[in-house]
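Taking it in order: structure first as structure tokens, then the write-up.
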There are 2 protein chains.
Amino acid sequence: MPPGAPRAAVVLSGNELLDGRTRDTNGAFVCDDLSRRGVKVTELLTVADDRKRLSATLRHALAGDPDLVVVGGGLGTTHDDLTAECLAEVLGVPLEEDPQALTWVEERVRIVAERRHLDYRETFDLARRQAKLPAGSSPVPPAGVAPGIAARAGRTRIYAYPGVPYEFQQMWLETAAALEREQFFPDVVVRIVRVFGVGELQVGPVIDALPHDLVELGINVGGGEVVVRIRHRRDAGAQSQADALVSALEARVPVYSTDGRTVDEIVAGELRGRGLRLAVAESCTGGLLGTRITARPGSSDYFAGGVISYADQAKMDLLEVPAGMLAQYGAVSEEVARAMAEGARAALDADYALSLTGVAGPDGGTAEKPVGLVYLGCAGPDGTQVRRGSFPGDRDSVRMFATTSALHLLRRALPA
Amino acid sequence: MPPGAPRAAVVLSGNELLDGRTRDTNGAFVCDDLSRRGVKVTELLTVADDRKRLSATLRHALAGDPDLVVVGGGLGTTHDDLTAECLAEVLGVPLEEDPQALTWVEERVRIVAERRHLDYRETFDLARRQAKLPAGSSPVPPAGVAPGIAARAGRTRIYAYPGVPYEFQQMWLETAAALEREQFFPDVVVRIVRVFGVGELQVGPVIDALPHDLVELGINVGGGEVVVRIRHRRDAGAQSQADALVSALEARVPVYSTDGRTVDEIVAGELRGRGLRLAVAESCTGGLLGTRITARPGSSDYFAGGVISYADQAKMDLLEVPAGMLAQYGAVSEEVARAMAEGARAALDADYALSLTGVAGPDGGTAEKPVGLVYLGCAGPDGTQVRRGSFPGDRDSVRMFATTSALHLLRRALPA
């Protein structure tokens, strides 16, 4: 981060994050978001639901004199939920019931009680403690039942939210929008360059060869892509270093995005913009490509649907892959990938169709068709292309790489 | 964790873990592993590559007087690698080159230089700093180039490893094996009870009503389920408290698993065990149910495949949902969910078929059919059942809840 950037600490509370039950999503989310907004996160502190340790950790976070402390978790209804209490202790103030928070809790409990057929009074009695805040702090409107807490410790702003991911994330984004309006975030430019088809060893030297002392660089590798993140203050010197880096990358490695857009976003935008409809035929990925495409709201504008042709019979019945072809070449073959893509395009009356058939592992690999081998097909108005991919890692990794590659195949096939 | 369990703190250093580039894997790995071995992890502290903050964080971890501190990262060759230095500072000792560590670094550099065609001398000069340890500590054999560090601070054992995941994980497992031989870990039993169909508010009171001072309880809520984890020492008193808790839960709330198995695992096991085949018909979930089912290796034994009937036309063409039904009731309706399930069962020649049609949001909701409304169908040899679900949260959350509910619908429909 450029010098002088605001600093933040993130504190998460929850035994479930420390005993192998749950993998953190809130911390990763808020660190990424803060970072994009030009804030340097100096620590992400995850702590058990233990009064002494949570208070000590909040004190430790504040001792670094950050501009911002974001707290997640511990605002529920059970005796394990200690955030409000520990925050009050650390701030040296009592807990008080806040009238606005109480109104929100009442409203939300009414909805939950109705939806789940619970007794309102009983539920409210349990939830009422969520309206207690450290004196002098303000409640943040809840996304679920529990309100958040906005407090100050000297110059440090503190925001606490419940740990349920969609509540935490939605409430943080609302706070961030308010901070944005206050111009809390620095004027930082973040450029994200995405490269598909080469590795870090090809990308690194392009960057090392150019001056980059006025920008902060982060290189990340994952899912078959290399992502270069360039951050700098909005001034002419830094801007020109960043421009030179982006141009060099575009000239020397297969950059497909210089504005951070992922292949998922690009393909969605192209299909929508051109009024084209897509279908899928998935074997080894079992629906993952469809899941990725439909993760985006509004995908019904361009996604017709697909066939999960896991069994050979499904390939024959729903995609009209000939039985003889399956017998001759096997389900994991160029021929079958082609037939699946063409079959899906016809069956779903789509402009384009993607197909995947491969060996996701860990079993089922042979010398000739090892784990990680996937054939990808793309059928369109100008014909059908098939690629052979060989993807590393475990089952999840192979399936993720393969669907990313399929989206790139479509990106390249779409009319320019 | 039961009273008296050893306590651990984990410290990870690395800017890449805090700026959205990389998601932590080492912390999740070691927390899970420690937890299975009966150690209570009280905090997981991720800190930027900053001398002051890393030293402060190590001090904070030691201040909790844990039995164990595991440190990951910051043992590389660059100026950002500060772990040995900060550890020496916190322990109040100088850094000294360790002869054993130096031998290991020499050996490993020789291998790396040869493999990557690097100059040995130049590479060794860069790597030599990895042989410097805080005075009085011992080197841990490297999995890559950098040795780890084993130190003591009072009664606290400290182990530091490089952050490269396979190095960190392999070196930790070797340390853990040595600790195991010393009987550092307690003899602990872990029981996991899964509940579907009620919330935390119904589960909490069942537990609160019974003695549980000899066990450690963790309650976790997610995807429409409540998971209760009960851990205790292997002795008669704790065992009987745990048994009583499990029995009470079984009597009072809809427990579906007392051995930790998820609904995904149970359904897979039942289908395989009975030689039954499953199909899916997915609208709003776009393939997510198929993705979950096929995430399991060997799922081709019982999963025939499915149809992602995202567009109405796909529902008609591939699942034979009547056009008139779609016009009369709309795609999100009990009738269409039923027809989709029956259509998928026929089209894929399966014993059972699950269907999902709903409003995943954030747009597309109406007063009558709000965001979160999903109809779930299950067609089988004894007929078809349809359930109406109303799922909270954002698009991802609705889709995850809905697919979990569909798996439970199947679990209940399968012959006893």
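Within 13 Å of chain B (Cβ to nearest Cβ), farther than 18 Å from B:Ala28 by Cβ and open to solvent by less than 10 Å² (accessible area, probe 1.4 Å), is that true of A:Gly38?
Details: within 13 Å of chain B (Cβ to nearest Cβ): yes; farther than 18 Å from B:Ala28 by Cβ: yes; open to solvent by less than 10 Å² (accessible area, probe 1.4 Å): yes.
Here the answer is yes, as A:Gly38 does meet what is asked.
Sort out which residues of the stretch A:1-19 are in contact with a Ser or Thr (Cβ under 6 Å, 6 or more places away or on another chain) and open to solvent by 30 Å² or more (accessible area, probe 1.4 Å), and write them in order of number.
Residues satisfying the conditions are A:Arg7, A:Glu16, A:Leu17.
Within the stretch B:137-188, can you find the residues that are in contact with a Ser or Thr (Cβ under 7 Å, 6 or more places away or on another chain) and surrounded by 15 or more Cβ atoms within 10 Å (Cβ to Cβ)?
Start the filter on the stretch B:137-188 by keeping residues that are in contact with a Ser or Thr (Cβ under 7 Å, 6 or more places away or on another chain), which leaves B:140, B:149-151, B:159-160, B:165.
B:Val140, B:Ile149, B:Ala150, B:Ala151, B:Tyr159, B:Ala160 - these are the residues of the stretch B:137-188 that are in contact with a Ser or Thr (Cβ under 7 Å, 6 or more places away or on another chain) and surrounded by 15 or more Cβ atoms within 10 Å (Cβ to Cβ).
When residues of the stretch B:197-216 are filtered for being more than 9 Å from every other protein chain (Cβ to nearest Cβ), under 21 Å from A:Ala127 (Cα atoms) and not in a helix (DSSP H, G or I), how many remain?
2
Among (1) of a type in the set (D, E, K, R); (2) part of a strand (DSSP E or B); (3) more than 9 Å from chain B (Cβ to nearest Cβ), which single condition is A:Glu107 missing?
Among (1) of a type in the set (D, E, K, R); (2) part of a strand (DSSP E or B); (3) more than 9 Å from chain B (Cβ to nearest Cβ), A:Glu107 violates only (2).
Looking at the stretch B:155-178, which of the residues that are free of Cβ contacts under 8 Å to residues at least 40 places away in the same chain and under 24 Å from B:Ala5 (Cβ atoms) is farthest from the chain's Cα centre (by Cα)? Even if it seems obvious, please write down each step before you answer.
Step one: of the stretch B:155-178, the residues free of Cβ contacts under 8 Å to residues at least 40 places away in the same chain are B:164, B:166-167, B:170-171, B:174-175, B:177-178.
Going one step further and asking which of them are under 24 Å from B:Ala5 (Cβ atoms), we end up with B:171, B:174-175, B:177-178.
Numbers: B:Met171: 21, B:Glu174: 22, B:Thr175: 23, B:Ala177: 23, B:Ala178: 26 Å.
Only one residue tops the list, namely B:Ala178.
Pairs please, first residue from the stretch A:41-53 and closer than 15 Å to B:Arg23 by Cα, second anywhere and among the polar types (S, T, N, Q) and not in a helix (DSSP H, G or I), Cβ atoms under 7 Å, 6+ apart in sequence or on different chains.
From the stretch A:41-53, the pairs are A:Glu43/B:Thr46; A:Leu44/B:Thr46.
Go through the stretch B:41-72 and give me each residue that's part of a helix (DSSP H, G or I), within 17 Å of B:Tyr161 (Cα to Cα) and at the interface with chain A (Cβ under 7 Å from one of its Cβ atoms).
B:Thr57
Yes or no, residue by residue, for (1) open to solvent by less than 60 Å² (accessible area, probe 1.4 Å); (2) more than 35 Å from the chain's Cα centre (by Cα); (3) free of Cβ contacts under 8 Å to residues at least 60 places away in the same chain; (4) at the interface with chain A (Cβ under 7 Å from one of its Cβ atoms):
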{"residue": "B:Phe303", "(1), (2), (3), (4)": "yes, no, yes, yes"}
{"residue": "B:Tyr310", "(1), (2), (3), (4)": "yes, no, yes, yes"}
{"residue": "B:Pro322", "(1), (2), (3), (4)": "no, yes, yes, no"}
{"residue": "B:Ala337", "(1), (2), (3), (4)": "yes, no, yes, no"}
{"residue": "B:Glu342", "(1), (2), (3), (4)": "no, no, yes, no"}
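Using the structure shown, decide if A:Gly269 is open to solvent by 10 Å² or more (accessible area, probe 1.4 Å), assigned to a helix (DSSP H, G or I) and out of contact with any helix residue (DSSP H, G or I) (no Cβ under 8 Å at 6 or more places or on another chain). Full working, then the answer.
Working: open to solvent by 10 Å² or more (accessible area, probe 1.4 Å): yes; assigned to a helix (DSSP H, G or I): yes; out of contact with any helix residue (DSSP H, G or I) (no Cβ under 8 Å at 6 or more places or on another chain): yes.
It is true that A:Gly269 is open to solvent by 10 Å² or more (accessible area, probe 1.4 Å), assigned to a helix (DSSP H, G or I) and out of contact with any helix residue (DSSP H, G or I) (no Cβ under 8 Å at 6 or more places or on another chain).
Name the residues in the stretch B:372-395 that are open to solvent by less than 60 Å² (accessible area, probe 1.4 Å), in a loop (DSSP other than H, G, I, E, B) and touching a residue at least 24 places away in the same chain (Cβ under 8 Å), would you?
Passing the criteria: B:Gly372, B:Phe391.
So which of B:Leu54, B:Leu62 ends up being at pLDDT 95 or above and crowded, with 23+ Cβ neighbours inside 10 Å?
Numbers: B:Leu62 fails: crowded, with 23+ Cβ neighbours inside 10 Å.
Exactly one residue qualifies, and that residue is B:Leu54.
Given the residues B:Ala314, B:Ala346, B:Ala331, which is the only one that is crowded, with 20+ Cβ neighbours inside 10 Å, modelled with pLDDT of 95 or more and assigned to a helix (DSSP H, G or I)? Spell out how you get there, then give the answer.
Working: B:Ala346 fails: crowded, with 20+ Cβ neighbours inside 10 Å; B:Ala331 fails: assigned to a helix (DSSP H, G or I).
Criteria check complete, one pass: B:Ala314.
Name every residue in the stretch B:396-414 that is in contact with a Ser or Thr (Cβ under 9 Å, 6 or more places away or on another chain) and not in a helix (DSSP H, G or I), in order of residue number.
Passing the criteria: none in range.
The values are calculated or read from the model by the stated rules, or taken from the named source; none is laboratory data. Quantities reported herein were computed from a predicted structural model and do not represent experimental measurements. For neighbour counting, all protein chains shown are included, and Cβ atoms are generated from backbone atoms with ideal geometry for every residue, glycine included. Quick note on the areas: whole protein, heavy atoms, side chains included, nothing else; ligands and nucleic acids left out. Shrake-Rupley method; radii C 1.70, N 1.55, O 1.52, S 1.80 Å.
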